[in-house]
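The block underneath contains the structure these notes are about, expressed in C-alpha cells.
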Amino acid sequence: MNIRNEATDRLFRSILNLKTIEECYDYFEDLCTIKEVQDMAQRLEAARLLSQGMSYQKIAEQTEMSTATIGRVSRCLHYGSGGYQTALERLDGGQKA
C-alpha cells in the first residue's frame with residue numbers, strides 16, 4: 001500500500017505548519033486517539049533507546065512495549081527509509097538522542 005498521495009501530503013503539510021508543542025497537542029488530540037499518540041511516542045522512545053544500544057528486554061521493561069513491536073522499530077531504524085534517524089538527529093537542537 002502506498003501512503004504517498006495528495007491527502008497524505010496535506011496531512012504532513014498541516015503538521016509541518018504547527019508552531020508550538022501546545023498546537024501539536026491540540027491537533028493530535030483532535031486527529032488521533034490518545035492510544036494512537038501514546039503508541040507513536042512509545043515507538044519513537046524505543047528508537048531512541050535502541051540507538052543508544054539498550055537491549056530489547058530493558059526497553060520492554062521501561063516502556064511496557066512488546067518485544068515484537070520493539071523488533072519492528074529496530075528493523076525500521078536499521079533498514080527503513082531513515083525517518084527515525086532523521087527525527088532522532090534533529091531532536092534536542094540537532095544532537096542525536
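The values are calculated or read from the model by the stated rules, or taken from the named source; none is laboratory data. Because the structure is a prediction, the values reported are computed rather than measured. We place every Cβ from the backbone using ideal geometry, glycine too, and count neighbours over all the protein chains shown.
Values for this structure:
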{"quantity": "Yes/no for residue 68 being more than 14 Å from the chain's Cα centre (by Cα) and assigned to a helix (DSSP H, G or I)", "calculated": "yes"}
{"quantity": "Matching entry among 51, 55 (being surrounded by 12 or more Cβ atoms within 10 Å (Cβ to Cβ) and in contact (Cβ under 8 Å) with a residue 24 or more places away in the chain)", "calculated": "51"}
{"quantity": "Residue among 87, 60 that alone is of a type in the set (A, V, I, L, M), within 22 Å of residue 4 (Cα to Cα) and either over 13 Å from the mean Cα position of the chain (by Cα) or part of a helix (DSSP H, G or I) (or both)", "calculated": "87"}
{"quantity": "Output for segment 38-62, where each listed residue is of a type outside the set (D, E, K, R) and farther than 20 Å from residue 92 by Cβ", "calculated": "38, 55, 56, 57, 60"}
{"quantity": "Subset of segment 1-12 that is outside any loop (DSSP other than H, G, I, E, B) and of a type outside the set (Phe, Trp, Tyr) - its residue that is surrounded by the most Cβ atoms within 10 Å (Cβ to Cβ)", "calculated": "11"}
{"quantity": "Subset of segment 73-84 (residues that are in a helix (DSSP H, G or I), surrounded by 14 or more Cβ atoms within 10 Å (Cβ to Cβ) and either touching a residue at least 40 places away in the same chain (Cβ under 8 Å) or not polar (S, T, N, Q) (or both))", "calculated": "73, 76, 77, 84"}
{"quantity": "Test result for residue 95, polar (S, T, N, Q) and modelled with pLDDT of 95 or more", "calculated": "no"}
{"quantity": "Residue list for segment 13-29, restricted to those being under 16 Å from the mean Cα position of the chain (by Cα) and loosely packed, with under 10 Cβ neighbours inside 10 Å", "calculated": "16, 21"}
{"quantity": "Residue, nearest to residue 91 (Cα to Cα), within segment 63-79, restricted to residues that are among the polar types (S, T, N, Q) and modelled with pLDDT of 95 or more", "calculated": "74"}
{"quantity": "Verdict on residue 87 being of a type in the set (Gly, Ala, Ser), free of Cβ contacts under 8 Å to residues at least 40 places away in the same chain and surrounded by 11 or more Cβ atoms within 10 Å (Cβ to Cβ)", "calculated": "no"}
